[in-house]
């Protein structure tokens, strides 16, 4: 199986689409995943799924669907060079334009978001969180940040085992002084 990998630049430019599969390509023996690789990939996906399950439960407990929470977060957390348009949010949520329109309709009806015309280009509609939307998002974000502080080390460990790096050790102590070699006799 062959997958077309997408870089961050390609994804952000709109040129990157979801990976496509084509006919299997022959792999040299060294590219074959080991049992350790399978276990590391499974562990990483398990940790992601655990966090996503937590996130879904937290959103529902706050009275909204997980995608509605993701929309609020995408609006608030957009990079500074991006405007909160339907198109930008569709890209950030990895969904179709009409899906974001439906989500915006839902959260706008609950007064969590409002549509606003761009000051200079009146054709462009921007999305803005209301005070209520901001308050709900703040509460969910605190929960998510706290949960990541708990599960983050395990998630990082799982990712590090896939990419073949050791997890960096955080230490506030300075490294030990080098030992001096014993004098030759």
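Give the number of residues within segment 67-81 that are surrounded by 15 or more Cβ atoms within 10 Å (Cβ to Cβ) and out of contact with any strand residue (DSSP E or B) (no Cβ under 8 Å at 6 or more places or on another chain).
Count: 7.
Please find, among 47, 57, the residue that is closer than 30 Å to residue 108 by Cβ and assigned to a helix (DSSP H, G or I).
The conditions single out 57.
Which numbered condition in (1) at pLDDT below 95; (2) on the phi < 0 side of the Ramachandran plot is the only one that residue 93 fails?
With (1) at pLDDT below 95; (2) on the phi < 0 side of the Ramachandran plot applied to residue 93, the lone miss is (1).
Anything in segment 126-162 that is under 18 Å from residue 82 (Cβ atoms) and surrounded by fewer than 15 Cβ atoms within 10 Å (Cβ to Cβ)? List them, or say none.
128 - this is the single residue of segment 126-162 that is under 18 Å from residue 82 (Cβ atoms) and surrounded by fewer than 15 Cβ atoms within 10 Å (Cβ to Cβ).
Among the listed residues 104, 128, identify the single one that is in contact with a strand residue (DSSP E or B) (Cβ under 9 Å, 6 or more places away or on another chain), within 20 Å of residue 62 (Cβ to Cβ) and in a helix (DSSP H, G or I).
That would be 104, the only listed residue that is in contact with a strand residue (DSSP E or B) (Cβ under 9 Å, 6 or more places away or on another chain), within 20 Å of residue 62 (Cβ to Cβ) and in a helix (DSSP H, G or I).
Hey, can you tell me all the residues within segment 61-98 that are touching a helix residue (DSSP H, G or I) at 6+ places or on another chain (Cβ under 6 Å), free of Cβ contacts under 8 Å to residues at least 60 places away in the same chain and assigned to a loop (DSSP other than H, G, I, E, B)?
Scanning segment 61-98 gives 82, 84.
The values are calculated or read from the model by the stated rules, or taken from the named source; none is laboratory data. These numbers come from a predicted model, not from an experiment. Ideal geometry is used to build each Cβ from the backbone, glycine not excepted, and the neighbour counts take in all protein chains shown.
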